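Trainee: Below is one structure. I have some questions about it.
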Amino acid sequence: MTSDAGRSRPFGLDLTREFADLPFDGHLERRLSALGGQFLDQSAYARLIAEDPLVYEVYEIHLPRTAGQLLHGISIVHPGRVGDEYFMTKGHFHAVRETAELYHCLRGRGLLLMENEEGDCAAEELAAGRVVHVPVGWAHRSINTHEHEDLVTFFAYPGHAGHDYGTIERQGFRKVVVARGGRAEILDNPRWRAGR
Ligand code: PAN
Ligand code: ZN
């Protein structure tokens, strides 16, 4: 593993190559069991949990988690569904709300679902070449709406942002994205409740 100090020298990454061959410092895998309570169809979740499929992976560059740094890496959401609902990331607010993030979609198709604490919601399309700006104060979750291809994004955010997963774990997002007649539809989340 490369030390943080090693990353004080300039470096470049060729993101057209296989990510497993690139000099990332960390690799995180999240299986379905890490997303308990987030999917609407609890019986579909219970059926799938026996095999506990890999839902998404994150490759990271390790840098100091301090203001001024730009943390970055690659997120890969695999294709799949729980009932009608597409595979997605846990989603989070940044612990320091006044920190933004950029996502650049490299491959695949999906949505970046966002909401803020005032109750505004947004969903921006992710497709190769698209960049999405997550403003300060907006929670974000990436969702793979393709039937069989990975959704691959490059992300970058401030070093001191931190992650607040608890708020979303408790209350979910206000919107859900489901497959309806072969298309992705954004619906109100019937299970959403403020401060749950
Ligand atoms: C991304 C996300 C990554 C995985 O690096 O952390 O896509 O999603 P979860 O963190 O919600 O599991 C990011 O937004 N960092 O701030
Ligand atoms: Zn983030």
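Trainee: Among 184, 93, 26, whose Cα lies farthest out toward the positive end of the dipole of the chain, if unit charges sit on the beta carbon of Lys, Arg (+1) and Asp, Glu (-1)?
Mentor: The residue sitting farthest along the positive end of the dipole is 93.
Trainee: Follow-up question, since we're still on this one. What value, in deg cm²/dmol to 500, does the helix sum -39500 (n - 2.57) over DSSP H runs of n ≥ 4 give at 222 nm once divided by the residues of the chain?
Mentor: So the calculated ellipticity at 222 nm is -2000 deg cm²/dmol.
Trainee: Hand me the GluC sites (Glu not before Pro) from region 87-139 located in a DSSP loop with no more than 14 other Cβ atoms within 10 Å, in residue order please.
Mentor: Answer by residue number: 98, 117, 118.
Trainee: Counting pairs of alpha carbon atoms under 8 Å apart in space and at least six apart in sequence, what relative contact order in percent does region 23-188 give?
Mentor: RCO, region 23-188: 26 percent.
Trainee: Find the accessible area per residue for the chain; the probe is 1.4 Å, ligands and nucleic acids are left out, and the unit is Å².
Mentor: With the other protein chains kept in place, the chain gives 49 Å² per residue.
Trainee: Sticking with this structure for a sec: Between residue 22 and residue 136, how many nm apart are label points set 7 Å from Cα along the C-beta direction?
Mentor: 2.9 nm
Trainee: For region 1-61, state which GluC sites (Glu not before Pro) are in a DSSP loop and have at most 16 other beta carbons lying within 10 Å of their beta carbon.
Mentor: For GluC sites (Glu not before Pro) across region 1-61 that sit outside H, G, I, E and B with at most 16 neighbouring Cβ atoms in 10 Å, the list reads 18, 51.
Trainee: Sticking with this one: Apply the Karplus curve 6.51 cos²θ - 1.76 cosθ + 1.60, θ = phi - 60°, to the phi angles in region 165-176 and return the couplings in whole Hz, x for Gly and Pro.
Mentor: In residue order, the calculated couplings are 8, x, 4, 5, 4, 6, 10, x, 8, 5, 10, 10 Hz.
Trainee: Going from most exposed to least, what order do 66, 99 have by accessible area with a 1.4 Å probe?
Mentor: Heavy-atom accessible area, descending, gives 66, 99.
Trainee: Under a Cβ-only charge scheme (Lys and Arg +1, Asp and Glu -1), can you give me the dipole magnitude of region 8-110 about the Cα centre, in debye to the nearest 20?
Mentor: Its charge dipole is roughly 180 debye.
Trainee: Report in % the part of the accessible area of the chain that belongs to carbon and sulfur, leaving out ligands and nucleic acids; probe 1.4 Å.
Mentor: Within the chain, the accessible surface is 49 percent carbon and sulfur.
Trainee: Output the Kirkwood hydrodynamic radius of region 23-188, Cα pairs only, in Å rounded to one decimal.
Mentor: When all Cα pairs of region 23-188 are included, the Kirkwood radius is 16.1 Å.
Trainee: Considering the Cα trace of region 90-142, what is its radius of gyration and what is Dmax, both in angstroms?
Mentor: Calculated on Cα positions, Rg and Dmax stand at 10.9, 32 Å.
Trainee: Please identify the longest segment of the chain free of exposed chymotrypsin sites (Phe, Trp or Tyr not before Pro), where exposed means a DSSP state other than H, G, I, E or B and no more than 16 other Cβ atoms within 10 Å.
Mentor: By the stated rule (loop sites, at most 16 other Cβ atoms within 10 Å), 12-164.
The values are calculated or read from the model by the stated rules, or taken from the named source; none is laboratory data. In this text the structure is predicted, and so the values were computed from the model without any measurement. Glycine gets a Cβ as well: all are built from the backbone with ideal geometry, and neighbour counts include every protein chain shown. In case anyone asks, the SASA skips ligands and DNA or RNA and just uses the protein heavy atoms, side chains included. Shrake-Rupley method; radii C 1.70, N 1.55, O 1.52, S 1.80 Å.
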